[in-house]
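K.L.:
Below: one structure in structure tokens.
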Amino acid sequence: MRLDKFLKVSRVIKRRTVANEACDAGRVKINDKTAKASAEVKVGDVIEVLFGGKPVKIEVLDIQETTKKEAAGELFRYL
């Protein structure tokens, strides 16, 4: 699954366009490497997103094309 879509589906970032802009600005890393919005996300990847000056690290636990709001937290865990 694309990185920008995973960030939206998992509700780490609320809109796909915002996720896309964060990737273009270099504020998103997969396994400590700066990633583009089109990068593939796999189970076990560690994603780091810079919100302002605060980094947030998550580990991908599952990948779903769509999910309900209540189940979105089960797709990842905070590190």
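K.L.:
How much of the accessible area of the chain, in percent, comes from carbon and sulfur atoms when a 1.4 Å probe is used?
P.N.:
So the carbon and sulfur contribution to the accessible surface is 49 percent.
K.L.:
Here are a few candidate values for P(r) over Cα pairs in 5 Å bins from 0, in percent: [x] 3, 20, 34, 29, 12, 2, 0; [y] 3, 15, 30, 27, 17, 7, 1, 0; [z] 3, 18, 31, 30, 15, 3. Which one was actually calculated from the structure I just gave you?
P.N.:
Structure-derived value, by its label: [z].
K.L.:
Follow-up. Return the subset of Lys29/Lys68; Lys5/Lys68; Lys29/Lys57; Lys33/Lys69 for which the Cα-Cα distance in this structure is over 19 Å, preserving the input order. Working shown, then result.
P.N.:
Values: Lys29/Lys68 25 Å; Lys5/Lys68 15 Å; Lys29/Lys57 9 Å; Lys33/Lys69 29 Å.
Where the Cα-Cα span goes over 19 Å, the pairs concerned are Lys29/Lys68; Lys33/Lys69.
K.L.:
Moving to a separate point now. Just the number please: accessible area per residue for the chain, 1.4 Å probe, all protein chains included, in Å².
P.N.:
Per residue, the chain has 63 Å² of solvent-accessible surface.
K.L.:
Let me know the charge dipole size of the chain about its Cα centre in debye, to the nearest 20, where only the beta-carbon of Lys, Arg (+1) and Asp, Glu (-1) is charged.
P.N.:
Charge dipole, the chain, about its Cα centre: 260 debye, nearest 20.
K.L.:
Just grab the label-to-label distance for Glu21 and Ala71, each label 7 Å out from Cα along the Cβ direction, in nm (one decimal).
P.N.:
That separation, rounded to one decimal, is 3.0 nm.
K.L.:
Grab the Cα-Cα distance for Lys57 and Lys36, subtract it from 0.36 nm times how many residues apart they are, and report the gain in nm with one decimal.
P.N.:
Working: separation 21, 0.36 × 21 = 7.56 nm, distance 1.68 nm.
Extra length available between Lys57 and Lys36 comes to 5.9 nm.
K.L.:
With the cut-off at 1.5 for a/c, could you classify segment 1-43 from its C-alpha gyration tensor as rounded, prolate or oblate?
P.N.:
Taking the square roots of the gyration eigenvalues as a ≥ b ≥ c, segment 1-43 is oblate.
The values are calculated or read from the model by the stated rules, or taken from the named source; none is laboratory data. Quantities reported herein were computed from a predicted structural model and do not represent experimental measurements. No Cβ is skipped: glycine too gets one built from the backbone with ideal geometry, and neighbour counts run over all protein chains shown. Ligands, DNA and RNA are excluded from the accessible area calculation, which covers all protein heavy atoms including side chains. Shrake-Rupley method; radii C 1.70, N 1.55, O 1.52, S 1.80 Å.
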